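Nothing in this text is a laboratory measurement; each read-out follows from the coordinates by a stated rule. Everything quoted here is computed from the prediction, not taken from an experiment. Quick reminder, even Gly has a Cβ in these numbers, built from the backbone with ideal geometry, and neighbours come from all protein chains shown.
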Amino acid sequence: MCGMSVSDTRQRVPIRSDLLQAALSAAARWSRLTHLAVGFASVGLLGVADVMSGPYISLAVFYLLPLALVGWFTSRPCSVALATFAGFAWFMDF
C-alpha cells in the first residue's frame, strides 16, 4: 500500500445530509405549540392511515418519528400526552 494506512484509503462520508440538517434547523425555530400541533396532526393522520391499511399491515414504527421530535423539542408532559394519544390511535387498528 506504499506507506498508506487503511484509514487513509477510505473516503469520509458525511453523517448528516444537507437536507436533514436544514430540516432540523427549521424545526428548532418552531414554538412548542407548533411542535405539538404538528405532532398531534401527524399521529392523527398516521392513525387514520393505520386503520385504513387493515390489520395485516402495521404502521406502528412510523409513530416514533413524531414522538421523537416532540420529545426532543418540548417538555416531558407534552411528550407523554402525545405518546398517550399515539397509543390510543395505534390501538384503534385492532
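What the table below lists for this structure:
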read-out	value
Computed label-point distance, nm, for sites Phe88 and Trp72 using a 7 Å Cα→Cβ extension	2.7
Full-extension gain in nm, Tyr56 to Leu20, via 0.36 nm per residue minus C-alpha separation	9.8 nm
J(HN,Hα) series, the stretch 78-93, from Karplus relation 6.51 cos²θ - 1.76 cosθ + 1.60, nearest Hz, glycine and proline x	5, 5, 5, 5, 5, 5, 5, 4, 5, x, 5, 5, 5, 5, 5, 6
